[in-house]
Amino acid sequence: MKVLKLSAQGLPQSWLTLEEAVLHYAADAVRWEVGEQVAVFRGGINARTGLQSTLSISSIIGTKGVPGINPFEIKPALSNGKLFARDRNVCAYCGQHFADDHLTREHITPLAQRGADHWMNVVTACRACNHRKANRTPEQARMPLLYTPYVPTLWEDFILRNRRILADQMEFLMAHLPKTSRLNG
Ligand SMILES: [Zn+2]
């Protein structure tokens with residue numbers, strides 16, 4: 001379980017562990033909270049009042065930091081885990097659904113033909129289809145793509161990065177997705 005850290009402007013910054021989130025509270029860096037309380041930490045007993053201090057952690061926290069990022073200029077790093085999530089674990093050639101360990105990063109224009117290792121040139125493919133297509137383009141292999149690649153937005157990237165997103169965090173991130181996103185629905 002992770003805490004979604006937002007900038008003062010409400011842009012996603014990072015997924016924090018609970019321990020990291022506690023440090024943000026302790027440093028007085030949390031400016032606002034959204035979402036549910038996800039954990040309560042108990043601190044020391046106040047000698048004068050006899051009361052124990054508690055710190056409750058919210059699932060989404062806004063911080064005072066200046067992000068210095070433009071959400072429209074973000075190019076999320078490419079990883080197999082995020083690629084398979086973008087493509088919903090469906091092979092772009094046979095349309096079958098597979099677990100991660102049966103999937104591969106498939107270069108539409110093969111690397112051998114100077115294809116780029118970039119979101120727009122990669123799709124999820126099962127091992128059999130990747131092997132069959134080999135160093136050919138879809139046209140050369142007569143294996144048409146069943147869906148098209150795209151570059152995830154900042155918000156999509158935060159969904160793709162974390163496979164255990166809480167309901168309120170998902171709602172927050174989904175509210176920013178373009179209607180065309182494959183992550184909708
Ligand atoms: Zn396949």
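The values are calculated or read from the model by the stated rules, or taken from the named source; none is laboratory data. Every value quoted in this text rests on a predicted model; they were computed, and no experiment measured them. FYI the Cβ positions are ideal-geometry reconstructions off the backbone, even for glycines, and counts take in every protein chain you see. When the accessible area is computed, the model is the full protein with side chains, heavy atoms only, and any ligands, DNA or RNA have been set aside. Shrake-Rupley method; radii C 1.70, N 1.55, O 1.52, S 1.80 Å.
Could you list log10 I(q)/I(0) for segment 93-185 at q = 0.23 Å⁻¹, which the Debye formula gives when each Cα is one point scatterer?
Debye intensities relative to I(0), on a log10 scale: -1.18.
Mind checking segment 1-100 for GluC sites (Glu not before Pro) that DSSP puts in a loop (not H, G, I, E or B) and that have at most 16 other Cβ atoms within 10 Å?
Glu73
Return the loop-located chymotrypsin sites (Phe, Trp or Tyr not before Pro) in segment 89-131 (DSSP other than H, G, I, E, B) with at most 11 other Cβ atoms within 10 Å of their own Cβ; answer none if there are none.
Answer by residue number: there is no such site.
May I ask you to evaluate 6.51 cos²θ - 1.76 cosθ + 1.60, the Karplus curve with θ = phi - 60°, for each residue of segment 24-41 and list the ³J(HN,Hα) values in order in whole Hz, giving x for glycine and proline?
5, 5, 5, 7, 6, 9, 8, 9, 7, 10, 10, x, 7, 6, 10, 6, 10, 10
Take the Cα pairs of segment 80-141, get the Kirkwood Rh, then feed it into Stokes-Einstein at 25 °C and 0.890 mPa s and tell me D in µm²/s.
215
Rounded to two decimals, what is the ratio between the C-alpha radius of gyration of segment 3-72 and 2.2 N^0.38 Å?
1.25
What's the longest bit of the chain with no exposed trypsin sites (Lys or Arg not before Pro), using DSSP loop states and at most 15 other Cβ atoms within 10 Å as the test?
Longest site-free region, per DSSP loop and neighbour criteria: 1-47.
Quick one: pull the percent of accessible area on the chain belonging to carbon and sulfur, 1.4 Å probe, ligands and nucleic acids left out.
In the chain, the share of accessible area belonging to carbon and sulfur is 53 percent.
In percent, how large is the relative contact order of segment 1-108, given Cα pairs closer than 8 Å and 6 or more residues apart? All intermediate terms of the calculation are to be shown ahead of the outcome.
On the way: 147 pairs, mean separation 26.2, N = 108.
RCO, segment 1-108: 24 percent.
Using 7 Å Cα-to-Cβ label points, what is the Leu111/Ala128 separation (nm, one decimal)?
2.5
Which net charge results when you count Lys and Arg as +1 and Asp and Glu as -1 among the other residues whose beta-carbon is under 13 Å from that of Ser181?
+1
Consider all pairwise Cα distances in the chain and report the whole-number % of them above 26 Å. Provide the component values of the computation, followed by the final result.
Numbers: 7570 of 17020 pairs.
For the chain, the fraction of Cα-Cα distances above 26 Å is 44 percent.
Which whole-number value in Å² is the accessible area per residue of segment 3-72, probe 1.4 Å?
Roughly 58 Å² per residue, with all protein chains present.
What residues qualify as long-range amide H neighbours of Ala125, i.e. H under 5 Å apart, gap of 5 or more or another chain, H built at 1.01 Å from N?
Ala92, Thr104, Glu106
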